[in-house]
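Engineer: Structure incoming, see below.
The values are calculated or read from the model by the stated rules, or taken from the named source; none is laboratory data. Computed from a predicted structure; not experimentally measured. Note that each Cβ is placed from the backbone with ideal geometry, even for glycine, and that neighbours are counted across all protein chains shown. Calculation scope for accessible area: heavy atoms of the full protein, side chains included, ligands and nucleic acids excluded. Shrake-Rupley method; radii C 1.70, N 1.55, O 1.52, S 1.80 Å.
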Amino acid sequence: MFDYDMTTRVDRRGFLKGSALFAAAVTMAFALPAYAQEPQPKPAPDAGEKKDEAPKKKPLLDKDGREYRVCDMCGGNMYKQEKTWTCEQCGFSYEE
């Protein structure tokens, strides 16, 4: 089919074309198996477990034992006063 002679020189254009085809083939060989995998099904919950039950977060406590939150604006500590959380650094506050 192809008559390839070992004495034939490969010019620059042919070399670049061949290496580009090789790189594309290698890329496709690695990329296609990732798409061919089916997602793994999640295991069914046991009879004793409830689906709707979310894990409870522990409140953050400072060194004095007071509950605090992290401020969205500056990253400082926010403390609760009645129904309002107020940042001690920037003064940002919101009602719960």
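Engineer: Please list Met78, Met28, Met73 from largest to smallest accessible area, probe radius 1.4 Å, with all protein chains kept in place.
Structural biologist: Working: Met78 0, Met28 100, Met73 130 Å².
So the residues, ranked largest to smallest area, are Met73, Met28, Met78.
Engineer: Another question about this same structure. Find how much the distance from Tyr79 to Ser93 grows on full extension, using 0.36 nm per residue of separation minus their present alpha carbon separation; answer in nm with one decimal.
Structural biologist: On the way: separation 14, 0.36 × 14 = 5.04 nm, distance 0.94 nm.
Fully extending the segment from Tyr79 to Ser93 adds 4.1 nm.
Engineer: Sticking with the crude label model, points 7 Å out along Cα→Cβ, report the distance from Ala24 to Asp62 in nm, one decimal please.
Structural biologist: It is 6.3 nm.
Engineer: Report the gain in length on full extension from Ala31 to Lys17: 0.36 nm times residue separation, minus Cα-Cα distance, nm rounded to one decimal.
Structural biologist: Working: separation 14, 0.36 × 14 = 5.04 nm, distance 2.10 nm.
2.9 nm is the gain from fully extending Ala31 to Lys17.
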